[in-house]
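Trainee: Structure below; questions to follow.
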Amino acid sequence: MKTEALERYLNSFGKYVVQQSRTNLTKGKKNVSKDLYNSISFKVITDADGFTVQFFMDSYGTFVDKGVSGNKKERTYKNYKGETKVTDYKYTTKGPPVDILSKWIKKRGIKPKGIARGRSKITGQYISGLAYYISAKIKSQGIKGISFFQRPLQLGLETFGKEMLGAVKDDIINGLTTVK
């Protein structure tokens, strides 16, 4: 049986989820390096069992999506079913690496009060100290998840799920043959 309509439909679903996820990253101001944004993709897989839509992104995207609990504060996120869940991820003994936070501070252009942007160069010592402070704060409070992927997946399943039977019906009708 031909399955062109269903496959086309699943591709539309995948494109929708990717596009909305990217938009949510940008709106959530989580798109500093564009690495995560550019890593979000999908693939429709066809095998003997039918179709599967697989989504891909850099591994740290899960932490941005679902958040990470701190050792003093529990973090939650909304999953694709709309349920509020406690994140599976937690800082226990270590916070995020200071060297990575130092790069993040530089990319964001974060400067102390009193230093105008572009006017005075900040010292590496200031950046290291700020990165250490941020790391300790994240270890304690965690990172709030923004459900940048979960929400589009939920909306996509609601929207496309209702119409998917129509695509299956079209494939069945197009696959019928007349026997004389």
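Trainee: Determine whether GLY129 is out of contact with any Lys or Arg (no Cβ under 7 Å at 6 or more places or on another chain) and at pLDDT below 80.
Mentor: Numbers: out of contact with any Lys or Arg (no Cβ under 7 Å at 6 or more places or on another chain): yes; at pLDDT below 80: no.
Here the answer is no, as GLY129 does not meet what is asked.
Trainee: For PHE149, which of the numbered conditions (1) farther than 30 Å from GLN54 by Cα; (2) surrounded by 14 or more Cβ atoms within 10 Å (Cβ to Cβ); (3) modelled with pLDDT of 90 or more fails to hold?
Mentor: Failing condition for PHE149: (1).
Trainee: With TYR37, TYR9, TYR60 as the choices, which residue is modelled with pLDDT of 95 or more and of a type in the set (Phe, Trp, Tyr)? Can you show your working first?
Mentor: Values: TYR9 fails: modelled with pLDDT of 95 or more; TYR60 fails: modelled with pLDDT of 95 or more.
None of the others qualify; the one that does is TYR37.
Trainee: What single numbered condition from (1) under 20 Å from THR159 (Cβ atoms); (2) without any contact (Cβ under 8 Å) to a residue 12 or more places away in the chain; (3) of a type in the set (Val, Ile, Thr) fails to hold for ILE45?
Mentor: Answer for ILE45: the failing condition is (1).
Trainee: Could you figure out which of (1) closer than 21 Å to GLN150 by Cβ; (2) in contact with a Ser or Thr (Cβ under 8 Å, 6 or more places away or on another chain) isn't true of LYS43?
Mentor: All conditions pass for LYS43, except number (2).
Trainee: Still on this structure, please answer the following. Here is a list: VAL64, VAL32. Which entry is surrounded by 16 or more Cβ atoms within 10 Å (Cβ to Cβ), touching a residue at least 12 places away in the same chain (Cβ under 8 Å) and in the same structural domain as GLU158 (by TED's automatic domain parsing)? Before the answer, list the steps.
Mentor: Details: VAL32 fails: surrounded by 16 or more Cβ atoms within 10 Å (Cβ to Cβ).
Step by step, each of VAL64, VAL32 is checked, and only VAL64 is surrounded by 16 or more Cβ atoms within 10 Å (Cβ to Cβ), touching a residue at least 12 places away in the same chain (Cβ under 8 Å) and in the same structural domain as GLU158 (by TED's automatic domain parsing).
Trainee: Another one. Take GLY82 and decide whether it is over 18 Å from LYS137 (Cβ atoms) and modelled with pLDDT of 90 or more. Outline the logic, then answer.
Mentor: Working: over 18 Å from LYS137 (Cβ atoms): yes; modelled with pLDDT of 90 or more: yes.
For GLY82, the condition - over 18 Å from LYS137 (Cβ atoms) and modelled with pLDDT of 90 or more - is met.
Trainee: Could you look through the range 67-100, keep only residues that are among the polar types (S, T, N, Q) and farther than 18 Å from GLY28 by Cβ, and pick out the one that is surrounded by the most Cβ atoms within 10 Å (Cβ to Cβ)?
Mentor: The extreme case among them is SER69.
The values are calculated or read from the model by the stated rules, or taken from the named source; none is laboratory data. Everything quoted here is computed from the prediction, not taken from an experiment. A quick note on method: Cβ atoms are made from the backbone with ideal geometry, for glycine too, and the neighbour counts reach across all protein chains shown.
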